[in-house]
Structure formats: structure tokens, C-alpha cells
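Notes to accompany the following structure.
Nothing in this text is a laboratory measurement; each read-out follows from the coordinates by a stated rule. Everything quoted here is computed from the prediction, not taken from an experiment. For neighbour counting, all protein chains shown are included, and Cβ atoms are generated from backbone atoms with ideal geometry for every residue, glycine included.
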Amino acid sequence: MEPTIDYDFVDKILPSTISLVVTGVFAVIIGVYLEKFKSRVTTISYEIIFNPLATSSHTDYWGEIEVHHNKRLINHLNFITVKLKNDSNNDLQNLNIDFNVDQNSQILGQSGQYDNTKSGILIEQQHYSYFVEVSNRNQVDFQQKLTNPNHQTPAQLTTELQYIMTNKKFNLPVFNRHTSVTINMLVENFSGVQPEVNVGVIHKGVKLEQKEDETTELGKTVIYSSAIGVVIFGLFVYAIARTYPTATKPLIITAILGITASLLGLGVLKVFRFLKKILS
């Protein structure tokens, strides 16, 4: 008996098989190009942690509260920690990280270290030399004020002093992949409020991203993964429905039930969190 070919079966299976193969090939190509793009761009994530130390107060309710730093009365003192992580698969060399605070604040002290080795991180050499040079000129200006009451501080020196007190540049000789560093700064705010801190990196192929809190990040992950899952599920339902037309109605019902179950699950989770928040 000679073998026969079921052309109806081939007509049903072949189109969906070809579409899946083509989709797979395109997915591989896109994945390769995305991987090449990722290898060219290095992402550094960072988070800023504010730790208020003390705030001066002169009110009838709280009474007289004075905050001093090196025998100098100040309004607000904040210990700020900035954590940075090299999330990429690239090792970086000679990376400078810039920090600056708002004009109503100034940096009183700073330190940095690699988290894995605890080795210290120093201020970038050119920035440090400029800091020392401006500080020395300020000392000379201060002595001139003592000897000459009519002496006026040059506007250029005032601008430079404000710059070195609101800006710091750290140098990382090496920043290996999947490692992190911690920068600490003691910051004073003249208005008695939390200082504003900015982080910057100017380096070829390096992108800086502020890390979101875990709850927000988890929420976005759930939403994105659910959306992608629904799209993939819909494509599979469409391919099967085209292959087996008689199963179209049950597939549509299954798809509706699947999406409804996902929404109900999300609703139950939100209700559970709400009750937990009330009862705790």
C-alpha cells in the first residue's frame, strides 16, 4: 500500500508552522541586535538616601534648638548617601562622578568607598587642586579683611567659593561590572529644609539612571509582564484558531476567562493589601 499525503492536514499546519518559524527567526535577530546595543551602552543605576541629622528651631512649641558644626550655628544638617551600581556587562576605567547641591546648601564633608573591597574613593585630582587653590585665596582674602576693614571680597572669588562648596567630583579608576560604590556627604541647608542633590556622569557610552523604589519597580514589572503575556497568549489563540476553525469558540471563551482570572487575581491582591494596611 502506497503512503498517502493528507493535504488538508498540511494546509492547516503548514501556514501556522511557517509563521511560528518566521516569528522565531525575527525574535532571534531582534535579540542579537538588542544584545549588541546593550553591550555598547553601560547603565549605572543610583539611589539617594537622605538622613536628616538635626534642624535648628526657635519656636515656643519646640523651644530653642541649636545645631552646631565646628562651633558654627547652622539651620539644618543632613547626611546624604548615594549608592551607584554598574548594572552592565562592561568594566569602566577612569570614571568621574559629579555631585552638586542647590544654591541654598553647601557640602561640609564627603567620603567614598567601593562596597566589595571597602577601598576608598578620592576626589578627582584636578577638582581637588582647584578646591585647594580657591581655599588658599579665600584665606588670603580673610586676612586682608582683618587688616583692612574696607576690603571687599572680589565677586569672582565669591562665585568660585560657592562652586567648590556646592560641587564635588569623585574619580573611580576602575568601576567593574556588577559592582557598586557608596558616596557619603555631610550637607548643610541654610533654609532648614532637605537639600537637593544631583548626580551626573559625563563618559562615552555611559547612561545614568535613578533607581526606583522596590514597590514601584515591582508594579511596573507586573504590568509589563502581564501585558506581554496577554499579547503572546492572543497570538497563540489566533494561530490555533486558524489551524482548527471548529475550536474558535472554545478558544475565545478560554481567552476571556484567562484575562478575567488575571484581573480578578489583581483585584484580590489589592483588596488583601488594603485590608492588611487597615488591620496592621
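Here are the numbers for the structure shown:
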read-out	value
Placed amide H near I121: partners under 5 Å, 5+ positions off or other chain	G112, Q113, Y114
Length released on extending from T81 to K204, taking residue separation times 0.36 nm less the Cα-Cα span	41.7 nm
In order through the stretch 88-101: 3J(HN,Hα) via Karplus (6.51 cos²θ - 1.76 cosθ + 1.60), integer Hz, x for Gly, Pro	8, 9, 10, 8, 10, 10, 6, 9, 9, 10, 9, 10, 8, 10
Sorted by Cβ density within 10 Å, fewest first, the residues I65, I44	I65, I44
Exposure proxy ranking, count of Cβ atoms within 10 Å, fewest first, for T182, T260, T42	T260, T182, T42
5 angstrom amide H check on L172, placed H, neighbours 5+ away	L95, N96, I97
Distance from the stretch 120-134 to the stretch 42-116 (C-alpha centre basis), Å	18 Å
In sequence order, calculated HN-Hα J values of the stretch 62-76 (Karplus, 6.51, -1.76, 1.60; Hz; x Gly/Pro)	8, x, 8, 10, 10, 10, 10, 9, 6, 6, 10, 6, 10, 8, 8
Pairs beyond 20 Å (Cα-Cα), from K85/K211; K85/K207; K83/K118; K83/K270; K83/K168	K83/K270
Placed amide H near L108: partners under 5 Å, 5+ positions off or other chain	L186, V187, E188
Neighbour-count ranking [beta-carbon atoms within 10 angstrom, fewest first] of S105, S180	S180, S105
Estimated vicinal HN-Hα couplings, Hz - the stretch 113-122 in sequence order (Karplus 6.51, -1.76, 1.60; Gly, Pro = x)	7, 7, 5, 7, 10, 6, 6, x, 10, 9
Packing rank of 46-52, 98-104, 114-120, 147-153, where each peptide gets the mean count of other beta carbons within 10 Å, highest leading	98-104, 46-52, 114-120, 147-153
